1. Assuming 0.36 nm per residue, please report the length gained on full extension of the stretch LEU213 to ARG227 beyond their Cα-Cα distance.
2. By the gyration tensor of its Cα atoms, with a ≥ b ≥ c the square roots of the eigenvalues, what is the shape of the range 5-101: rounded for a/c under 1.5, prolate for a/b over b/c, or oblate?
3. Nearest 5 percent is fine: what portion of the DSSP beta bridges confined to the chain is antiparallel?
4. With each pseudo-label sitting 7 Å past Cα toward Cβ, what's the TYR175-THR13 distance in nm, one decimal?
5. Can you compute the FRET efficiency between THR244 and GLU168 using 1/(1 + (r/R0)^6), with r the Cβ-Cβ distance and R0 = 30 Å? Round to the nearest 0.05.
6. So between THR183 and VAL32, what do we pick up on full extension, going 0.36 nm a residue minus the alpha carbon distance?
7. What's the FRET efficiency of ARG194 with ASP58 using the Cβ-Cβ distance as r and R₀ = 25 Å, to the nearest 0.05?
8. Using the Cα gyration tensor of the range 45-130, with a ≥ b ≥ c the square roots of its eigenvalues, what is the shape: rounded (a/c below 1.5), prolate (a/b larger than b/c) or oblate (neither)?
Amino acid sequence: MTCYFDESIEKWTDDEGKSRKFTFVCGYVASVQQWERFEVDWRRYLDLYEITDFHMADYCQNAGEFRKWRGEEFASTRTNFIQDASIIIRKFARYGFVAAVSDSVFQYINEMFKLKESCGSPYGLVGRECADLARTRRSRFYPKESDLEYVYEDGGPDKRGLVHAMTELRPAFPYPIFKPGKTHKPSRKYPDGRKAVVQLQAADYLAYEVRKLFADQIKVKPIRGVRLSFEALTPIPTAKQMFTDKELIAMCKRNRIDRRK
């Protein structure tokens, strides 16, 4: 079984002028065989719409490859595109995972425990938490599956912190794998370019929708309803962890993170 995770960040200034920031890591797990079939269907789907890479932010903002669908005459095309994406994800993903924490909670608990030294950043913390959620679900629902890999989108904000959180905290996880979620043209660093790992594009969809749902519920007045593109993913069972201060203290104790003196 393999997990694919992507991150999303929401930051703003509240009514009191305070800077606020939340970090989300989200993704899905399935068997290697299921992901292989997913890739076949997903690439066929992208070819059908003449799109190279699924990228939710570009899709929602009519940016990048999706500029060609600007205008009311393409409304049905846009609707069909996102509906087809959700159908493929629902067909193959076994389980979803969502983890989130605010910078304020992270910094508050970091004054009590050596959280930054252990996880590096909020990204490292919730990245590991997603892996922990996946391992728990595997042992509970798929005990015969002995191997589990964790693949993260290569553009994350703190890969070093995530690696440390995954490999140094106990119980330790395998070294995380970092892959690109979008196609990269040849460059000095990558002379042959980089081919997108399309399974990460399913995680990108979920991460964007979770962040947008949060923003619409917290920042927008009056509160907006749930987007249809989010509802399309809800049939997939999903484990969630939004860290409060109490829950983060419990995590520190559970993972034997040292207290500050």
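1. Answer, rounded to one decimal: 4.3 nm.
2. oblate
3. Antiparallel: roughly 65 percent of the beta bridges in the chain.
4. Those two pseudo-labels are separated by 4.3 nm.
5. Calculated transfer efficiency: 0.80.
6. Roughly 52.2 nm would be gained on extension.
7. On the way: r = 18 Å, r/R0 = 0.70.
Efficiency, from the Cβ-Cβ distance: 0.90.
8. It comes out prolate by the Cα gyration axes.
Bear in mind that the values in this text are calculations on the coordinates, not laboratory data. Everything numeric here is computed off the predicted structure, so don't read it as measured data. Virtual Cβ from ideal backbone geometry, glycine too; neighbours counted across all protein chains shown.
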